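A quick write-up on the structure given underneath.
The values are calculated or read from the model by the stated rules, or taken from the named source; none is laboratory data. None of these values were measured; they are calculated from a predicted model.
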Amino acid sequence: MEMIAFSGLLALSGITSGCFFVLPAGTEVTAGHKLGGETLKFLDLPGTTRQETIATLGEPLSESITTRTLIYEWETTGKWAYAFAMPPVEHVQLPAVHGTATEDAKLWVLLIAYDTNHVVCAHTVRRVRSYDWETVCQEWQQNRDAPVGDGPLGRTNSRAH
């Protein structure tokens with residue numbers, strides 16, 4: 001949020017006295033290892049086990065025994081490139097200012113649920129705001145049977161056995 005306020009203030013000053021540009025400069029993983037896409041296709045195969053999951057993805061950050069959920073976590077940070085230049089004033093050219101600013105880190109998790117036979121039954125990648133893994137897993141367990149969507153709870157892949 002601070003980045004948006006900072007950008008707005010600089011943009012306003014640029015409009016009134018010079019040129020100011022802010023452009024997205026990408027997102028990078030700043031902690032952990034991002035998991036998704038093709039790497040997770042094996043989780044949708046019938047009969048994939050907890051043990052196969054750990055053998056493929058490595059040891060999870062944590063595991064909820066209560067909800068039978070493996071937890072893999074990473075953090076991303078967005079970057080913004082900016083530049084500001086003033087027109088010459090009284091034959092004096094001021095130097096241009098440019099650089100990169102970052103926004104607050106975002107915490108992501110891959111949650112993988114398994115049944116009493118240790119067979120994977122659901123998985124999701126979602127943004128979370130808490131490191132309270134037990135609560136994150138319990139909330140997901142309560143909501144994962146809801147219709148699939150890209151709402152605030154993220155997208156869940158579930159299958160019946």
1 or more residues modelled with pLDDT of 85 or more: qualifying strands (runs of 3 or more DSSP E) within the stretch 61-161: 62-64, 69-85, 106-114, 120-128
Residue list for the stretch 56-88, filter: under 15 Å from residue 120 (Cα atoms) and within 24 Å of the chain's Cα centre (by Cα): 56, 57, 60, 63, 64, 67, 68, 69, 70, 71, 72
